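Q: Okay, here's the structure, questions in a sec.
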Amino acid sequence: MADTADLDIAGARRLDGRQTTIKDVAQAAGVSFKTVSRVLNQEPNVRAEIRDRVRQAAEALGYVPNVAARDLAGGRSFLIGLMFDNPSESYIGKIQTGAITRCRDAGYSLIVEPLEPGDDARRTLDPILSRLRVDGLILTPPICDNPVVLDAIERAGVRYVRIAPDRDADRAPFVTMDDAHAAYEMTRHLLTLGHLDIGFIKGPSSHGATARRLEGFLRAMGEAGLTVPVGYIQVGAFSFQSGMAAAERLLAEPVRPTAIFASNDDMALGVMWACSRAGLSVPTDISVTGFDDSEPARMAWPQLTTIRQPIADMSAAAVDILIEAGAKGRGPEPVANRWLDYELIVRGSTAAPGARSPRVEPRKTNS
């Protein structure tokens with residue numbers, strides 16, 4: 001079979017009407033056409049300045065590699081798959097944005113395959129995996145913890161990277177952040193403002209982040225010497241509607257919370273809606289916080305105090321892991337997992353407790 005360097009890979013038309021080729025790029029970059037081939041195929045051991053020079057030359061010439069030709073030449077499809085069954089549109093939107101941007105930069109394409117929560121995972125996955133020829137898959141929570149899904153992918157011999165998994169950390173590479181400490185910091189923010197009665201809305205049990213974020217909240221409350229009444233912890237589904245319903249239950253508590261920490265932005269926006277319907281002003285009457293830093297969090301009024309989760313960066317890092325693994329082949333060399341940073345974003349939805357109805361003394365532990 002011909003080497004990639006010997007193929008006239010189709011690109012944009014030159015001014016003289018001829019197709020731009022890999023040799024044109026090599027000439028413009030001042031390198032050999034074999035070096036251009038190595039850069040385009042994401043092979044290791046090419047200096048960063050050479051990679052940049054080749055990419056700049058290809059962009060200037062309008063050169064677009066032909067994925068089918070590279071597939072025949074190199075044994076890779078240059079396709080990355082993304083599978084998800086997450087109900088949050090804003091979360092999945094950021095996941096897709098990060099993966100698509102990184103794939104484009106690396107000369108790959110992204111294929112997105114949603115799995116409905118009620119699907120028979122094994123029966124749905126097998127035909128998808130047999131039809132698609134991808135170099136790797138990205139799995140988002142909660143599907144990344146589904147053993148039926150993982151078994152099916154492993155049977156098909158497809159590489160995969162998980163985003164924020166909750167179990168079996170050694171099973172496959174992953175990209176994640178410290179959800180528990182982020183929730184701890186958010187709770188500390190509310191405590192520092194003077195809030196003692198803080199309600200919490202957790203997500204569905206199928207998501208690993210649900211338990212981790214609740215853990216961080218309870219740890220901060222415990223360190224402050226405060227107990228949390230059972231009614232102050234409500235269950236949501238990471239959706240606007242579930243956040244609104246959970247907030248209505250919290251607002252009906254005998255002692256209304258002065259702050260509500262919803263463990264994702266979609267639910268936090270539902271909380272703000274419920275507060276408005278109840279005639280409460282945010283943050284004068286009640287503070288509200290979220291988690292994710294989605295676009296709607298910045299569009300709400302007041303803007304939402306939240307945790308900026310590096311969602312797009314996590315999917316971009318997952319693409320990097322898959323590309324690196326493909327360049328190294330299927331040898332036993334392990335691929336490093338990646339932990340990314342988060343940021344506490346303080347906006348207008350939180351403030352010190354304002355005037356409110358009389359309250360009982362703060363609930364404290366006996367410690």
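Q: Can you pull out every residue in segment 209-248 that is in contact with a helix residue (DSSP H, G or I) (Cβ under 9 Å, 6 or more places away or on another chain) and more than 18 Å from M186 (Cβ to Cβ)?
A: Selection gives T227, G231, V235, A237, S239, F240, Q241, S242, M244, A245, E248.
Q: From the list L115, L82, L129, L137, which one is modelled with pLDDT under 80 and either open to solvent by 50 Å² or more (accessible area, probe 1.4 Å) or farther than 30 Å from Q27 by Cα (or both)?
A: Of the residues listed, the single one that is modelled with pLDDT under 80 and either open to solvent by 50 Å² or more (accessible area, probe 1.4 Å) or farther than 30 Å from Q27 by Cα (or both) is L129.
Q: Report yes if G194 is out of contact with any strand residue (DSSP E or B) (no Cβ under 7 Å at 6 or more places or on another chain), surrounded by fewer than 20 Cβ atoms within 10 Å (Cβ to Cβ), small (G, A, S) and at positive phi, otherwise no.
A: It is true that G194 is out of contact with any strand residue (DSSP E or B) (no Cβ under 7 Å at 6 or more places or on another chain), surrounded by fewer than 20 Cβ atoms within 10 Å (Cβ to Cβ), small (G, A, S) and at positive phi.
Q: Quick one: in segment 87-112, of everything that is open to solvent by 20 Å² or more (accessible area, probe 1.4 Å) and among the polar types (S, T, N, Q), which residue is nearest to S294 (Cα to Cα)?
A: S90
Q: When Y184 is evaluated against the numbered criteria (1) within 20 Å of S315 (Cα to Cα); (2) surrounded by fewer than 24 Cβ atoms within 10 Å (Cβ to Cβ); (3) among the hydroxyl-bearing types (S, T, Y), which criterion, by number, is the only one it fails?
A: For Y184, the failing item is (1).
Q: Something else about it: Taking A336 and the conditions (1) over 24 Å from P257 (Cβ atoms); (2) in contact with a helix residue (DSSP H, G or I) (Cβ under 9 Å, 6 or more places away or on another chain); (3) at pLDDT below 95; (4) not in a loop (DSSP other than H, G, I, E, B), which numbered condition does it fall short on, given that it satisfies the others?
A: (4)
Rundown of residues vs (1) open to solvent by 20 Å² or more (accessible area, probe 1.4 Å); (2) in contact with a strand residue (DSSP E or B) (Cβ under 8 Å, 6 or more places away or on another chain); (3) free of Cβ contacts under 8 Å to residues at least 12 places away in the same chain, yes/no style:
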position: T176; (1), (2), (3): no, yes, no
position: L190; (1), (2), (3): no, yes, no
position: I201; (1), (2), (3): no, yes, no
position: H207; (1), (2), (3): no, no, no
position: R212; (1), (2), (3): yes, no, no
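Q: Would you list the strands (runs of 3 or more DSSP E) that sit entirely within segment 134-241 and hold 2 or more residues that are under 30 Å from R76 (Cα atoms)?
A: Output list reads 136-139, 160-163, 174-176.
The values are calculated or read from the model by the stated rules, or taken from the named source; none is laboratory data. Note that the structure is predicted; figures quoted are calculated from it, not measured. Note that each Cβ is placed from the backbone with ideal geometry, even for glycine, and that neighbours are counted across all protein chains shown. With ligands, DNA and RNA removed, areas are computed over all heavy atoms of the protein, side chains included. Shrake-Rupley method; radii C 1.70, N 1.55, O 1.52, S 1.80 Å.
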